[in-house]
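The values are calculated or read from the model by the stated rules, or taken from the named source; none is laboratory data. Predicted model only: the values in this text are computed from it and were never measured. Here the Cβ positions follow ideal geometry from the backbone for every residue, glycine too, while neighbour counts run over all protein chains shown. Note: areas computed on protein heavy atoms with side chains; ligands, DNA, RNA excluded. Shrake-Rupley method; radii C 1.70, N 1.55, O 1.52, S 1.80 Å.
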Amino acid sequence: PSRPLQSVCSPGCAISLSRYKAAALVAKSQKQTRSVDKAALDKLQPKSYWLKRAQTAFNAFIRERDYNLSCISCGRFHDGKYDAGHYRSVGAMPALRFHELNVHKQCVPCNQHKSGNILEYRIRLIPKVTQEIIDWLEKDHPALKLSIPDIQAIEAMYKAKTKVLIAERESNMAAA
């Protein structure tokens with residue numbers, strides 16, 4: 001620019017500046033549209049979608065909580081993947097789906113290939129929790145009726161709890 005209020009130096013620069021501004025405006029508009037679309041899509045999701053997300057967050061918390069423990073069923077440590085194994089399965093007792101005393105770290109062979117290896121699970125669960133708690137877990141419980149906002153709150157809570165446990169573990173490793 002040769003003058004104080006001039007924003008470009010030539011017609012070619014004016015064309016390229018206008019294209020740049022137009023592209024930036026389109027990108028901003030698309031970003032806003034995507035965020036609006038995501039919010040609208042979240043409102044359309046069924047309850048099962050939110051239950052799956054909450055279950056994923058809960059399972060991650062259980063694996064982090066029991067990070068230094070062995071498999072609840074077989075008692076071994078290995079380099080493989082671990083699951084969050086339910087003592088009373090979600091199908092058998094949905095009310096205990098998000099109950100922390102009902103779920104413990106379990107290796108994939110025990111959880112998936114041996115259907116939870118429940119007899120060994122129970123034997124190793126007795127020293128970890130009291131017999132009274134096991135008796136309570138084995139009783140019938142009233143159905144758990146959660147709304148979508150309740151499920152979203154569960155997901156948020158367990159994500160936050162998991163973050164805290166990871167931060168504690170990392171600070172302990174750094175201190176050691």
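Quick rundown of the values:
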{"read-out": "Residue in segment 1-57 that is farthest from Gln152 (Cα to Cα), counting only those that are among the basic types (Lys, Arg) and over 36 Å from the mean Cα position of the chain (by Cα)", "value": "Arg3"}
{"read-out": "Residues that are over 15 Å from Asp66 (Cα atoms) and surrounded by 22 or more Cβ atoms within 10 Å (Cβ to Cβ), drawn from segment 99-110", "value": "Cys110"}
{"read-out": "Criterion: assigned to a loop (DSSP other than H, G, I, E, B) and either open to solvent by 70 Å² or more (accessible area, probe 1.4 Å) or touching a residue at least 12 places away in the same chain (Cβ under 8 Å) (or both) - qualifying residue of Leu165, Leu144", "value": "Leu144"}
{"read-out": "Some residue of segment 41-52 being closer than 30 Å to Leu119 by Cβ, touching a Gly at 6+ places or on another chain (Cβ under 9 Å) and surrounded by 12 or more Cβ atoms within 10 Å (Cβ to Cβ)", "value": "no"}
{"read-out": "Criterion (touching a helix residue (DSSP H, G or I) at 6+ places or on another chain (Cβ under 8 Å), farther than 22 Å from Met157 by Cα and at pLDDT below 90) met by exactly one of Gly75, Gly80", "value": "Gly80"}
{"read-out": "Single condition Ser89 does not satisfy, out of (1) open to solvent by less than 50 Å² (accessible area, probe 1.4 Å); (2) farther than 23 Å from Arg169 by Cβ; (3) of a type in the set (Gly, Ala, Ser)", "value": "(1)"}
